[in-house]
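The values are calculated or read from the model by the stated rules, or taken from the named source; none is laboratory data. This is a predicted model, so every value here is computed, not measured. Cβ placement follows ideal geometry from the backbone for every residue including glycine, while neighbour counts extend to all protein chains displayed.
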Amino acid sequence: MTEETRRKAALVGAFDRGAPTYDRLGVDFFGPPGTELVRRAGVRTGQRVVDVGCGRGAVLVPAARAVGVTGRVVGIDLAPTMVELTRAEVRAAGLSQVEVELGDAESPLLPAGEFDAVLGGFVVFLLPDPAAALRGYRRLLCRGGRIGITTFANQDPRFTEAMRRLAGHLPADRRQWPTSKQDALYATADLTAALLWEAGYRDVDVTEASFQSRFRDVEHWLAWVWSHGARSLLEQIPAQRLPVALAEVTPVVEGARSVDGDLLFTTTVRFAVAASPG
Ligand SMILES: C[S@@+](CC[C@H](N)C(=O)[O-])C[C@H]1O[C@@H](n2cnc3c(N)ncnc32)[C@H](O)[C@@H]1O
């Protein structure tokens, strides 16, 4: 197994194990940016949309509401539990315009030219070759179809420091988490815009917005960390080191305590939307 394959399997495995609580812990983190992405991408009634790396539906569900019953939304995810739970939820919600399938966001096996929009909430930067994935999404789009993706422009400094401290407990050969060799590709808004331009998109628009997330206490924050991609970091810390590692992050997380008693984290999200000239 190559390092890249191992990394991908570890990440998707972590998302799969985190799926039952992913975005279901009462924390506004993925939901508001997902709704905003659908709005900024200009998704309209009757359109056909693909949501790559759909997770628990933070983008998928607002997209389904935007296209309505005359539209169609296909969500794909590589984590089977994400697919199973999200499919059950959209069915229970009566969103008959939605399909949720197991699929790889690196190169979705979907028909060419049949979609008005490809959306990806916090996923493209997880892929081994984001530029190749973005080029590939143009195949799915009809002439003038649009792409909309989100990345993290800035994590809350306390989150970054907590992750840095946790990463210090990883086995020596894995300490570069959470950075990857792809991070330089979208480190700034200009680089994100260039990535889309070079992938063949036009009318590229990149903007950033900040969102606040509240946690009751450190336990709530930690349950949230176990529920998303950072879980892959926690899982790679040797079990006997974990209590020490968690004790090290507690004062950092406590530093986010606001006057109203909650822990308050601010995350800046980058929205990139563009059109495919066809
Ligand atoms: C950070 S979550 C984002 C989920 C959702 N878009 C949202 O905004 O909440 C990333 C999602 O991408 C999925 N994922 C990671 N790599 C993938 C790949 N190669 N193909 C498809 N899904 C992938 C994970 O399983 C996870 O559900």
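Applying the set (1) buried (at least 21 other Cβ atoms within 10 Å of the Cβ); (2) on the phi > 0 side of the Ramachandran plot; (3) not hydroxyl-bearing (Ser, Thr, Tyr) to GLY144 leaves exactly one unmet item: (1).
Every condition in (1) on the phi > 0 side of the Ramachandran plot; (2) touching a Phe, Trp or Tyr at 6+ places or on another chain (Cβ under 6 Å) is met by THR192 except one, and the failing one is (1).
When VAL244, VAL252, VAL273 are screened for being β-branched (Val, Ile, Thr) and in contact with a Gly (Cβ under 8 Å, 6 or more places away or on another chain), only VAL273 passes.
Of everything in region 11-38, what is within 20 Å of THR151 (Cα to Cα), more than 9 Å from the ligand (Cβ to nearest atom) and touching a residue at least 60 places away in the same chain (Cβ under 8 Å)? Give them in sequence order. Of everything in region 11-38, those that are within 20 Å of THR151 (Cα to Cα), more than 9 Å from the ligand (Cβ to nearest atom) and touching a residue at least 60 places away in the same chain (Cβ under 8 Å) turn out to be VAL27, ASP28, PRO32, GLU36, VAL38.
Annotation: of all residues in region 230-261 being aliphatic (A, V, I, L, M) and over 22 Å from GLN155 (Cβ atoms), the one that is surrounded by the most Cβ atoms within 10 Å (Cβ to Cβ) is VAL244. Among the residues making up region 57-97, a single one is within 9 Å of the ligand (Cβ to nearest atom) and of a type in the set (D, E, K, R): ASP77.
Please find, within region 39-56, the residue that is nearest to ASP262 (Cα to Cα) out of those that are in a loop (DSSP other than H, G, I, E, B) and more than 10 Å from the ligand (Cβ to nearest atom). Walk me through how you get there before you give the answer.
Going residue by residue through region 39-56, those that are in a loop (DSSP other than H, G, I, E, B) are 41-47, 53-56.
The next check asks that each one be more than 10 Å from the ligand (Cβ to nearest atom); those that pass are 41-47.
Details: ALA41: 33, GLY42: 34, VAL43: 35, ARG44: 37, THR45: 39, GLY46: 41, GLN47: 40 Å.
If we take residues in region 39-56 being in a loop (DSSP other than H, G, I, E, B) and more than 10 Å from the ligand (Cβ to nearest atom), then ALA41 is nearest to ASP262 (Cα to Cα).
Pick from region 262-278 the residues that are in contact with a Leu (Cβ under 7 Å, 6 or more places away or on another chain) and assigned to a strand (DSSP E or B): which of them is surrounded by the most Cβ atoms within 10 Å (Cβ to Cβ)? Per the stated criteria, the residue is ALA272.
Taking region 9-38, which residues are in contact with a Phe, Trp or Tyr (Cβ under 8 Å, 6 or more places away or on another chain), surrounded by fewer than 19 Cβ atoms within 10 Å (Cβ to Cβ) and part of a loop (DSSP other than H, G, I, E, B)?
THR21, LEU25, ASP28
Among the criteria (1) in a helix (DSSP H, G or I); (2) farther than 20 Å from ALA117 by Cα, the one VAL259 does not fulfil is (1). Based on this model, can you work out whether GLY120 counts as buried (at least 19 other Cβ atoms within 10 Å of the Cβ), among the small types (Gly, Ala, Ser) and touching a Lys or Arg at 6+ places or on another chain (Cβ under 9 Å)? No, not satisfied.
Within region 203-225, can one find any residue that is among the aliphatic types (A, V, I, L, M), modelled with pLDDT under 95 and closer than 18 Å to PHE159 by Cβ? No, because not a single residue in region 203-225 is among the aliphatic types (A, V, I, L, M), modelled with pLDDT under 95 and closer than 18 Å to PHE159 by Cβ. Being aliphatic (A, V, I, L, M), surrounded by fewer than 20 Cβ atoms within 10 Å (Cβ to Cβ), modelled with pLDDT of 95 or more and away from the ligand (no atom under 14 Å from the Cβ) is a condition met by no residue of region 99-106.
Restricting the search to region 142-155, which residues are more than 16 Å from the chain's Cα centre (by Cα) and under 26 Å from PRO32 (Cβ atoms)? Write out each step before concluding.
From region 142-155, those more than 16 Å from the chain's Cα centre (by Cα) are 142-146; that's our starting set.
Matches in region 142-155: GLY145, ARG146.
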